[in-house]
Amino acid sequence: MTSSELWSRATAERYDAEETEMSSAAVLGPTVAFLAELAGDGRALEFAVGTGRVGVPLRQRGVPVVGVELSEHMTAVLRRKIDEDTLPVVIGDMATTVVPGEFTLVYLLYNTITNLLTQDEQVECFRNAARHLAPGGRFVIELGVPPLRFLPPGQVAVPFDVSERHLGFDTFDLVDQILVSNHFTRDGEDGRYRRSNSRHRYAWPAELDLMARIAGLELERRVADWDGAPFVQDSAKHISVWRKPS
């Protein structure tokens, strides 16, 4: 077991309803196309497959997908969409769990590398990805750039969503690189808000490149979104592709 916080049954049941934008065709179309091209004729392994937001449409695209997932509750939601024979899932953590066989693609999306709360565990995640890759295979991570430029002196919080049904802000421990994502979500019509939070260890692109090098992987490509926009100084996130040498 790694330091990742375990998703509860209640959180898993709410997940899809709260992530409708990330599950839209506008988001998933270019995401799946990008990953399918990298997978080619081989198999794909998704670390933290969750409820199958990406794994299910990628499998429907024709790419054989296997998932690793720490939360049995998230997997139970996925099972309502697709059966075990079509998209197998191994229960375990993404830093140490080993799945039989080789893959042309291993991917870890939507900031999930930050669920590992220590640098050592994040390094082990890269090593685990490399362990599963065939020569020439790729490891893909989607991750936000830490928004520390928004922090004036003395401030430790950055809002990321202020809408009718949701208030969200991140707080930062700048010494240990720990981000706490705080959410206030209005449920129902009574106006009451449900509070939740989760801890994450943020990392810079250059730090991930060093982790990849430790794992024997080489940076092949870094872009700002799934459509391939250039990654520049003001990019809010990156999609990075590292390759295992042939």
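The values are calculated or read from the model by the stated rules, or taken from the named source; none is laboratory data. Small disclaimer: the values here were computed from a predicted structure and weren't measured. Please note: Cβ atoms are built from the backbone with ideal geometry, for glycine as well, and neighbour counts cover all protein chains shown. Surface areas here come from the heavy atoms of the whole protein model, side chains and all, with no ligands, DNA or RNA. Shrake-Rupley method; radii C 1.70, N 1.55, O 1.52, S 1.80 Å.
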For this session: Compute from the Cα atoms of the range 97-191 the Rg and the Dmax, the latter being the longest Cα-Cα distance, and quote both in angstrom.
Result: 17.9, 56
Exercise. How much of the accessible area of the range 1-78, in percent, comes from carbon and sulfur atoms when a 1.4 Å probe is used?
Worked result: 52
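For the range 144-246, what is the per residue volume of the convex hull drawn over the alpha-carbon atoms, in cubic angstrom?
Working: hull volume 15.6 nm³, N = 103.
About 152 Å³ per residue, rounded to a whole number.
Compute the whole-percent fraction of alpha carbon pairs in the range 1-47 spaced more than 14 Å apart.
Working: 741 of 1081 pairs.
That tail contains 69 percent of the Cα-Cα pairs.
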Exercise. Label points 7 Å out from Cα along the Cβ direction at Ser198 and Ser3: separation in nm?
Worked result: 1.7
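Using only alpha carbon pairs under 8 Å that are at least six residues apart, calculate the relative contact order of the chain and give it in whole percent.
Details: 464 pairs, mean separation 41.8, N = 246.
Normalised by residue count, the contact order of the chain is 17 percent.
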For this session: Just the number, please: carbon plus sulfur as a percent of the accessible area of the range 206-246, 1.4 Å probe, no ligands or DNA/RNA counted.
Result: 51
Exercise. When ligands, DNA and RNA are left out and all protein chains stay put, how many square angstrom of accessible area per residue does the chain have with a 1.4 Å probe?
Worked result: 50
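Calculate the all-directions average of the projected area of the range 17-87's alpha-carbon convex hull, and give it in nm². Present the calculation step by step, with values, prior to reporting the outcome.
Values: hull surface 18.4 nm².
Mean shadow area of the hull around the Cα atoms is 4.6 nm².
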For this session: For the chain, state the average projected area of the convex hull of the C-alpha atoms over all orientations, rounded to one decimal in nm².
Result: 13.5
